[in-house]
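The values are calculated or read from the model by the stated rules, or taken from the named source; none is laboratory data. Quick caveat: nothing in here was measured; it's all calculated off a predicted structure. A quick note on method: Cβ atoms are made from the backbone with ideal geometry, for glycine too, and the neighbour counts reach across all protein chains shown. What goes into the accessible areas is simple: the full protein's heavy atoms, side chains included, and nothing from ligands, DNA or RNA. Shrake-Rupley method; radii C 1.70, N 1.55, O 1.52, S 1.80 Å.
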Amino acid sequence: MNTKIFLIGMMGSGKSSIGLQLSKIINTPFLDVDYLIDSSNYIINNTIQKFREVEEREIFKIDSVDNNLIVSIGGGAILSPLNREIIKKYYCIYLETSIEVLINRIRNQDAFRPLIQSKKNGNINIDVFKDLFNSRQKLYANFANFIIKTNNKNIDELSELIKNQLIKNEIIN
């Protein structure tokens, strides 16, 4: 059986952290596409367009692998029709998070988000972030098989809730 579980949502929604924890509790390998590409450095040294092309190739490769996987994809990966076509074959979970919580999480992370920051740990361009959030939120919600609200929940709690949903929907045993 080839089961892939895709985690989608905005930067800061917890895709990487929850994906890693979920992989441990359901004993399924985890892939983080942003990590595979080294997205922050890639975007700095290339264009966002070039990054999206590489991202599409990575998701295409993941589709061709005959393994069970949990996959975290970048917040903008869902904008690609090719990526949506691939993800639609599998189970997709939207980690829904309020804009206020996302901004707070990003401010507290030791990470560089090149789409909304000019340097590591730099100020967040709130207007750009809100535009990204508003342009993607409905797409995430309409595309996902399951939506889980991440506000006020920790990684362990969210991972258990997702595991239970996967069992309920017979995605896993």
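Observations on the structure shown:
- Test: V128 is open to solvent by less than 70 Å² (accessible area, probe 1.4 Å), over 17 Å from L31 (Cβ atoms) and not small (G, A, S): yes
- Conditions (1) part of a loop (DSSP other than H, G, I, E, B); (2) crowded, with 18+ Cβ neighbours inside 10 Å; number of the one not met by I70: (1)
- Verdict on I103 being in a helix (DSSP H, G or I) and more than 15 Å from Y140 (Cβ to Cβ): yes
- In the set (1) at pLDDT 95 or above; (2) closer than 14 Å to M10 by Cα, F146 fails one condition alone, (2).
- The helices (runs of 4 or more DSSP H) found wholly in segment 1-59 and carrying at least 2 residues that are crowded, with 17+ Cβ neighbours inside 10 Å and not hydrophobic (A, V, I, L, M, F, W, C) occupy 15-26, 39-45.
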